[in-house]
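**Q** The structure that follows is given in the form of structure tokens.
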């Protein structure tokens, strides 16, 4: 398999635009021109398109392109790919997001000095053509501000083998957080693109026909997160909150926030006072309708 690298950028592509494909190639070429990055970074692309039509697209760049004969989602793509990944850490990158190339050397040098199950970092959010620096103070289970230990994911691999479309990053985050340790680094090398029209979250927020069509799966996937949380919340980082419940704020399903609160309380069984207070706050004050 070759020498172990420090970091793998993992892409799962299912309906990529030309802009997204060109950007991935731009990243590949940038890494190839830098000796340190060439030695320490891998790029793995899971081709989840119909008929795996991009399986030969990146071959000239010596990038690993993996595929199976079925359409899978991001976490199952990782399930099929993780044993082929030979690095210390893994960063999941959405094809419509961006990386700050000038920070890549810095992130590699920092990761070499760290041993943790996952690592939190600040990021930039691109929304309405404005870019904003963000740095969460607590664990939130989002791919865009988290780097994962490859060994930890391999250890919990079978838990990832689940069909999910919504809240996949929340589910993966809980899996990696089981009885884990984490660290924080102050390198904002990731740009989360909220302008993307292909974003699932944007579809949930702005596309009413999309919500009506997929409402049963949205609720079903959220309940899978709730079930996992109920079974494992005592093994998760102290104070972590079940943020996946925000996907239940659907006017198409619930008439008012009190109905949501009753629904959530009937599902989440934690006895922790701080979480119950947070659910109360989230249902009546924090989350907006989507």
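The values are calculated or read from the model by the stated rules, or taken from the named source; none is laboratory data. Because the structure is predicted, anything quoted here is derived from the model rather than measured. Every residue, glycine as well, gets a Cβ built from its backbone with ideal geometry; the counts of neighbours run over all protein chains shown.
**Q** Tell me whether region 130-145 contains one or more residues that are more than 24 Å from residue 194 (Cα to Cα) and surrounded by fewer than 17 Cβ atoms within 10 Å (Cβ to Cβ).
**A** no
**Q** Determine which single condition residue 149 fails, assuming it passes every other condition in (1) at positive phi; (2) out of contact with any helix residue (DSSP H, G or I) (no Cβ under 6 Å at 6 or more places or on another chain).
**A** (1)
**Q** Just the residues that are closer than 14 Å to residue 191 by Cβ and in contact with a strand residue (DSSP E or B) (Cβ under 9 Å, 6 or more places away or on another chain), please, taken from region 111-134.
**A** Matches in region 111-134: 121, 122, 123, 124, 125, 126, 127, 131, 132, 133, 134.
**Q** Taking residue 238 and the conditions (1) under 22 Å from residue 173 (Cβ atoms); (2) at pLDDT 95 or above, which numbered condition does it fall short on, given that it satisfies the others?
**A** So residue 238 meets the others, but not (2).
**Q** Listed residues 284, 249; which is within 26 Å of the chain's Cα centre (by Cα) and either at pLDDT 95 or above or surrounded by 12 or more Cβ atoms within 10 Å (Cβ to Cβ) (or both)?
**A** 249
**Q** Can we say residue 19 is part of a helix (DSSP H, G or I) and at negative phi?
**A** Yes, satisfied.
**Q** Let me ask something else. Could you tell me whether residue 161 is surrounded by 18 or more Cβ atoms within 10 Å (Cβ to Cβ) and in contact with a helix residue (DSSP H, G or I) (Cβ under 6 Å, 6 or more places away or on another chain)?
**A** For residue 161, the condition - surrounded by 18 or more Cβ atoms within 10 Å (Cβ to Cβ) and in contact with a helix residue (DSSP H, G or I) (Cβ under 6 Å, 6 or more places away or on another chain) - is not met.
**Q** Select from region 272-290 the residues that are in contact (Cβ under 8 Å) with a residue 12 or more places away in the chain, under 23 Å from residue 235 (Cβ atoms) and part of a helix (DSSP H, G or I) and list them in ascending order.
**A** 274, 275, 278, 279, 282
**Q** Same structure, new question: All but one of (1) closer than 30 Å to residue 112 by Cα; (2) out of contact with any helix residue (DSSP H, G or I) (no Cβ under 8 Å at 6 or more places or on another chain); (3) outside the structural domain of residue 116 (by TED's automatic domain parsing) hold for residue 215; state the number of the condition that does not hold.
**A** Unmet condition: (1).
**Q** Also, I was wondering about something else. If you scan region 241-266, which residues turn out to be touching a helix residue (DSSP H, G or I) at 6+ places or on another chain (Cβ under 7 Å) and part of a loop (DSSP other than H, G, I, E, B)?
**A** 241, 242, 249, 250, 252, 253, 254
**Q** Right, another one. Condition first: within 21 Å of the chain's Cα centre (by Cα) and closer than 24 Å to residue 187 by Cβ. Can you find one or more residues in region 64-79 that meet it?
**A** Within region 64-79 (the criterion being within 21 Å of the chain's Cα centre (by Cα) and closer than 24 Å to residue 187 by Cβ), the answer is yes, since at least one residue qualifies.
**Q** Against the conditions (1) in contact with a helix residue (DSSP H, G or I) (Cβ under 6 Å, 6 or more places away or on another chain); (2) within 19 Å of residue 177 (Cβ to Cβ); (3) in contact (Cβ under 8 Å) with a residue 40 or more places away in the chain, where does residue 269 fall short? Just the number, please.
**A** Looking at each condition in turn, residue 269 falls short on (3).
**Q** Give me the residue from region 196-230 that is over 21 Å from residue 282 (Cβ atoms) and at pLDDT 85 or above and, out of that set, nearest to the chain's Cα centre (by Cα).
**A** Restricting to residues being over 21 Å from residue 282 (Cβ atoms) and at pLDDT 85 or above, the top hit is 217.
**Q** Could you tell me whether any residue of region 113-127 is in a helix (DSSP H, G or I), surrounded by 18 or more Cβ atoms within 10 Å (Cβ to Cβ) and touching a residue at least 40 places away in the same chain (Cβ under 8 Å)?
**A** No, there is no match, as no residue in region 113-127 is in a helix (DSSP H, G or I), surrounded by 18 or more Cβ atoms within 10 Å (Cβ to Cβ) and touching a residue at least 40 places away in the same chain (Cβ under 8 Å).
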